[in-house]
Structure formats: C-alpha cells, structure tokens
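What follows is a single structure, written as structure tokens, with notes after it.
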Amino acid sequence: MAKPTHSPLRTGLVHLALVAYTLISLFPVVLTIINSFKTKNAIFREPMALPGPSSFSMIGYETVLKQGDFLGYFQNSFIVTLVSIVLVLLFGAMAAFSLSEYRFRGNTMLGLYLAIGIMIPIRLGTVAILQGMVAAGLVNTLTALILVYTAQGLPLAIFILSEFMRTVSDDLKNAGRIDGLSEYAIFFRLVLPLVRPAMATVAVFTMIPIWNDLWFPLILAPGEATKTVTLGSQMFIGQFVTNWNAVLAALSLAIFPVLILYVIFSRQLIRGITAGAVK
Amino acid sequence: MGSLQVNSVRKAFGNHEVLKGIDLDVKDGEFVIFVGPSGCGKSTLLRVIAGLEDATAGSIRIDGQEVGAVPPAKRGIAMVFQSYALYPHLTVKDNMGLGLKQAGTPKVEIEKRVARASAMLSLEPYLARRPAELSGGQRQRVAIGRAIVREPKLFLFDEPLSNLDAALRVQTRLEIARLHRELKATMIYVTHDQVEAMTLADKIVVLSAGAVEQVGSPMELYNRPANLFVAGFIGSPAMNLIDAERLGEAGAKTIGIRPEHVSLSRESGEWQGKVVHVEHLGADTIVYLESEKAGLLTVRLFGEHRYAPDDIVYASPDSASIHRFDANGKAIR
C-alpha cells in the first residue's frame, strides 16, 4: 500500500527496520524453544544450533511433566489470569463509565486518584498486602492473587477506558434513555460493545504482567496447590545446579496459553463492527 | 393528543444560567421550531423537555400532566438526533422496535407499527441491514422511523438535518413536512438554520442567550420583528440596520430595512453609494454597497442585474417596509 510519494528505498528501509525489530523480539523466544528440544550438553556447546539427530532430546519435557503437578500449575495460572482480566475489565469499565458519563462533585479528583495507581508500583505495598492476606486467611489461595492483580490492573484500565468512553456519542446514550433502556442496559448493551477495541487493549496489557509475574505467587501463594507456571518453573533452578532442559521446556510450554489469549483479544482489537454507528 | 406547556423553566450548570425563565405554550398538532444562534440554549430546552436534563426550576406539562419527575421513556416523547444515534449492533427493524420492546408492547403490534413506519419512509428494502450499511440520508430516515414507531405525543427533533448534504437536506425537509401533515402530530424542532425554520414551522420561537425573544408564525417574525435581535436573525441576507441619527430620523434609535425592500438606480435615489461586491445567484442579485449616508448596505434585487464593483448607484428604501427600533432595541409600532 505504498503511496506514490514513497520511494522504494524508503519503503525498503522501513521494512528493514521492522524486520530487524521482529528478529530481535523473536530471538529469545526462538532460542528458548529450540534449546528446550536439545540435550543438556548440546545446549551449552552450541546454544544457537537447531536440534539435530544427535542433539535432539525430549528430556526437558519429560522432566517437566513427571516432576511436580505441571498441569495443575497451568490451571492455576489460567484461572488467576482469566478471572483477573474479567474483574479488571468489568470494574474498570464500570468506574470509567461513571467517571465519563456522570457529573458529580469530585469527579476529576476521583479520576486522578484512580489514575495515580499507574505511577506507583503495587509491589511497594507487598508487606502490607501480605499482612492483610494473612489476617484475612487468604495466604496460599488463588483468591489472594486474583485480588492483588485486579487492584494492579484497574488504574490503567480505568484510565484508558474512561478516555474511550468519552468518545461514545451522548446522542446514542440519550436515544437509549428515551427508548427506555436502564443505565445498566446502556452500559452493557450500547457502550461496552462500542469500546470493545479499548477493552481488548486493556486485556492484553493486563494479562501479560499477570501471567509472567513471579513476585506475588512467590510471596502470597507458594504452596504446591496454588503454584503458577512461572513459580513452578523455578523449582528447576537451584542454587548450585539448574536443570536447564526442564526450565526451558517449562517456559516454552508457558508461552502457548498466553499466545492463544493474545490471538483471541487481538482479533477483537481489529474487528470494527461499530463503524458507522454515528457520523 | 400532544400539547406542551413550559412555565418559567430555568436551567443552570453550576453558576452559569443557560435558560433564564422560558415560558411556552404548544398546542396539539403544532409544528414549533426553536431557532437561535449556537449557545442560545435551544438544544438545552429541548433536552429539558425530553427529560434528559432536569430543569433547575419551573414546570413542564405534556398533555396537561406534570412531567418533572417522569423519566424520558415514560413522557410519551420520541427524539431524533443530529448524529442519528442508531444502535450500531441492531438491524434497522430492531432499531425501530427497541423502544416498544422495552415498553412491553406485543410482538405483533411492534411488527405492524414498524411495517407502517418503514412504508411511510420507504425503508422496506433496508429492514435487515445494520446502520453501518446505510447512507447518511437513510440513517436519518431510520432515526425518524424509530420516532414514528413509538407513536409519541411529542416529536422532538434536535437539528436533524445538519449532518446531511444540501440536496438531501431539502429532500428530508420536505419529508418531515409531509410526515407532519400525515401524522398530525405535535413536533418540536431545533435548528440554527432559519430557512428550515421558515419553511417548516407553524410557530417559531426565537431564542437568544437563554431567553425567548419572540414567538410567532414565520411571516409574523419576518414582517413584524419584535426587536433588533429577531430583525437581524430572521431573513437572509440579514436586515440592514442603520443608525437613525445618521439618517436624521427622529423618534427612533435604529432603522431597519430588509435588503429586498431597497431598490437600486443608476440615476437618482435617496442614498448615494459605491458598489463593493456583487453576488449573482441567477434568481437574485445581491449587491453590497458602501453609502455615505447609511453606511454598508445590502440590497437584494430579483432577477439578473449588471452591476459591478466601483459602480456609483443610488439606493432607495421602500418607506412602507421600514422598521423602527427604540434605544432598547424594541420595535416601535
């Protein structure tokens, strides 16, 4: 789709830059995946080589599947990530709707207060969170993780969604009011479908740090029953000996679920059924 | 079927008063148009009548019933918006039927009403389409259809033609006029376009800065403007307003004369002037001239006339059509 004003050289350079960036981004992922299929000696001797007949080995995957309850870890990660995303999107959208739709005293202040969370890392409050969870008896439960991640994801979600909701036509909401839709119906049936691309963006931004997090699972839910994938992979990393095959295999496996979620959300991002609703 | 009384309605946003005590009486079946410059409060007044904004003070009665505490959906109104405001995820048919569905109307009845409305607006071929698959004019017809289907006591139009191009605007204007005749419904229409106001209305309400300047039929406003604001606002090109002192007229502060009530001559006349600019429109020729006595004048001549900039001409007002205004801007009659 190069416009006539673009010279082939310029287009070429742009593509070169994009290809270079793609390679840099994919390199660690590819390295992890190819090495997960090699023997331990081959990993260290030629880390860049593809697995050949002599170096191919499934030992990493065998270890991962045998040792520990890896399916359980995946399930934990999945539950925590999905429930957190759902809660972040639901509460984030609700807060964003009230901030953008209704005039009330302290609206701006409340919006700022909710946005401050973007700038202050939630980990600063780890000690207090841990104390709170202990007091509430939630240590070693997935609920603890879900609560923390929901809190962590909300500020950005509210910030992005309220900006998007401001762009939804007032006329459309008023038409709904005149047609007898309740405020809830206006929120769920008119506004949410229209901000779906923004919801997908928020979902992606929320999901990745949660899936990859090691900090809170380690502190709040290190028990065998509540281990997440990232935490589960850590058992192969020892102080003196690290089972690299197993670590790489576990990480390779951990990429796929998050990739699938990403594909689902990014399709939503692109889809534009809302075009032409209002001029 | 649908009358409306508005009594000393006020609306303030914080300390800013947008409506400063509006009184209005709309009879059943009337087509009333609110017209005024942007920011005059006409849309706010419409939204207060619709119940989308609460009035700060005053009362609104539809069909004699006080509706101050009644939600929009229960007021028996339907509204057509400038931006169409169609539900993007619903088909044309569902867009039109949603209001009735929410009110619990039986399915058969909804089908019947949607069919009737879509026949009126020739929308039948599009019933299964989504708004995104329609052109601007079709979308606005769907929005009008959505209003008709509800069989409301009051139709409210909020600048419904502003987003349409010129040709479509004329066509839709005729359609709205036809609908008003067929439905015999009470309609309230907001616009900043005085041509729409003059062509559609039974009664025009001219608003300025949150207050009613004058209420009357289009011809009343044109022939007997109550004050300077209405005189300058109604009529296109705008009325020439001349300082009475310059003309040596006693008993008035400002003299008003419409461009079409001034005649031009190359030989003789009351005001000598030099042509500044000429607009040839075919049916009319509009001549702008700078006169010594009356200042900048606009003259509208019917038919084609060969005037060019820098011509020296004489303008004479038709003395029967002169409007006089006092120091407060009120018309002297």
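Quick note: the coordinates plus some simple rules give every number you see, no bench work behind them. All of these numbers come straight from a predicted model, not from anything done at the bench. Every residue, glycine among them, receives a Cβ derived from its backbone with ideal geometry; neighbour counts consider all protein chains shown.
Compute the signed sum of charges (Lys and Arg +1, Asp and Glu -1) over the other residues within less than 15 Å, Cβ to Cβ, of B:PHE325. Numbers along the way, then the final one.
Details: positive: B:ARG224, B:ARG246, B:LYS253, B:ARG258, B:ARG324, B:LYS330, B:ARG333; negative: B:GLU213, B:ASP243, B:GLU245, B:GLU249, B:ASP326.
Within the 15 Å Cβ shell, the charges total +2.
Using helices alone, I'd like the mean residue ellipticity at 222 nm for the protein assembly as shown: each DSSP H run of four-plus residues gives -39500 (n - 2.57), total over residue count, nearest 500. All intermediate terms of the calculation are to be shown ahead of the outcome.
Working: 21 runs with 274 residues, N = 612.
The helix-only estimate for the protein assembly as shown comes to -14000 deg cm²/dmol at 222 nm.
Averaged across B:39-51, how many Cβ atoms of other chains sit within 10 Å of each residue's Cβ atom?
The per-residue average across the peptide is 1.
Given just the C-alpha atoms of the range A:1-143, how large is their convex hull per residue in cubic angstrom?
Details: hull volume 39.4 nm³, N = 143.
Expressed per residue, the convex hull around the Cα atoms of the range A:1-143 is 276 Å³.
Rg/Rh for the range B:157-261 to two decimals, with Rh computed the Kirkwood way over all alpha-carbon pairs.
So for the range B:157-261, dividing Rg by the Kirkwood Rh gives 1.05.
What are the semi-axes of the equivalent ellipsoid for the range B:239-325, taken as the square roots of 5 times the Cα gyration tensor eigenvalues, largest first, in whole Å? Could you put the intermediate results ahead of the total?
Working: eigenvalues 98, 37, 21 Å².
Here the semi-axes work out to 22, 14, 10 Å.
Please find the FRET efficiency linking A:LEU16 to A:ALA185, where r is the Cβ-Cβ separation and R0 is fixed at 45 Å, and quote it to the nearest 0.05.
It comes to 0.30.
Answer rounded, prolate or oblate for the range B:31-175, using the Cα gyration tensor with square roots of eigenvalues a ≥ b ≥ c: rounded when a/c is under 1.5, else prolate when a/b is larger than b/c, else oblate. All intermediate terms of the calculation are to be shown ahead of the outcome.
Details: a/c = 2.11, a/b = 1.25, b/c = 1.69.
Oblate.
What Rg and what Dmax come out for chain A when only alpha-carbon atoms are used, in angstroms?
Over chain A's Cα set, Rg and Dmax evaluate to 23.3, 73 Å.
Compute the distance from the alpha-carbon center of the range B:77-99 to that of the range A:77-94, in whole Å.
The distance from the Cα centre of the range B:77-99 to that of the range A:77-94 comes to 32 Å.
How big is D for the protein assembly as shown, in µm² s⁻¹ as a whole number, if Stokes-Einstein is applied with the Kirkwood radius of its Cα pairs at 4 °C and 1.567 mPa s?
Stokes-Einstein gives a translational diffusion coefficient of 43 µm²/s.
Determine the percent antiparallel among the DSSP beta bridges restricted to the range B:4-230, to the nearest 5. Please list the in-between numbers first.
Details: 20 of 38 bridges.
The answer is about 55 percent antiparallel.
Just counting partner chain Cβ atoms within 10 Å, what average do the residues of peptide B:91-104 show around their Cβ? List each step's numbers first, then the result.
On the way: counts 0, 0, 0, 0, 2, 0, 1, 6, 6, 2, 2, 6, 2, 1.
Partner Cβ neighbours, averaged per residue: 2.
Nothing charged except the Cβ atoms of Lys and Arg (+1) and of Asp and Glu (-1): what's the magnitude of the dipole of chain B about its Cα centre? Round to the nearest 20 debye. All intermediate terms of the calculation are to be shown ahead of the outcome.
Working: 40 positive and 40 negative charges, 292 e Å.
Here the size comes out at about 1400 debye.
About the Cα centre, and with charges only on the beta carbon of Lys, Arg (+1) and Asp, Glu (-1), how big is the dipole of the protein assembly as shown? Nearest 20 debye, please.
1700 debye
When Lys and Arg each count +1 and Asp and Glu each count -1, what net charge do the other residues less than 12 Å away from A:SER57, Cβ to Cβ, add up to?
In short, +1.
With a cut-off of 8 Å between alpha carbons and a minimum separation of six or more residues, what is the relative contact order of chain A in percent? It would help to have the intermediate numbers written out before the result.
Numbers: 270 pairs, mean separation 79.5, N = 279.
Relative contact order, chain A: 29 percent.
Roughly speaking, what is the centre-to-centre gap between the range A:174-216 and the range B:279-320 when only Cα atoms are used, to the nearest Å?
Taking the Cα centre of the range B:279-320 as reference, the centre of the range A:174-216 is 61 Å away.
Treating only the Cβ of Lys, Arg, Asp and Glu as charged (+1, +1, -1, -1), what charge dipole size does chain A show about its Cα centre? Round to the nearest 20 debye. List each step's numbers first, then the result.
On the way: 18 positive and 11 negative charges, 114 e Å.
Once rounded to the nearest 20, the dipole reads 540 debye.
Could you tell me what % of all Cα pairs in the range A:133-279 have separations over 24 Å? Present the calculation step by step, with values, prior to reporting the outcome.
Values: 5467 of 10731 pairs.
For the range A:133-279, the share of Cα pairs beyond 24 Å comes to 51 percent.
Which of B:PHE13, B:PHE229, B:PHE81 moves most in a GNM of chain B, Cα contacts under 10 Å?
Among B:PHE13, B:PHE229, B:PHE81, the largest mean-square fluctuation in the Gaussian network model of chain B belongs to B:PHE13.
For a quick check: sort B:LEU296, B:LEU183 by the number of other beta carbons within 10 angstrom, fewest at the front.
Details: B:LEU296 12, B:LEU183 16.
Sorted ascending by nearby Cβ count, the order is B:LEU296, B:LEU183.
Just name one of B:ALA201, B:ALA231, B:PHE302: the one whose Cα is farthest towards the positive end of the charge dipole of the range B:177-304 (beta-carbon charges, Lys/Arg +1, Asp/Glu -1).
B:ALA201
What is the sum of charges around B:ARG113, taking Lys and Arg as +1, Asp and Glu as -1, for the other residues whose C-beta is under 10 Å from the C-beta of B:ARG113?
So the surrounding residues net to 0.
Kirkwood hydrodynamic radius, computed over distinct alpha-carbon pairs, for chain B: how many Å, to one decimal?
Radius from the Kirkwood sum: 22.1 Å.
Would you work out which of B:ALA211, B:GLY99, B:GLY64 lies farthest towards the positive end of the dipole of chain B, given +1 charges on the beta-carbon of Lys and Arg and -1 on that of Asp and Glu, about the Cα centre?
It is B:GLY99, whose Cα lies furthest towards the positive end.
If we sort A:118-125, B:49-56, A:244-251 on the protection proxy, mean other Cβ atoms within 10 Å, highest first, what's the order?
Taking the mean over residues of other Cβ atoms within 10 Å, the ranking is A:244-251, B:49-56, A:118-125.
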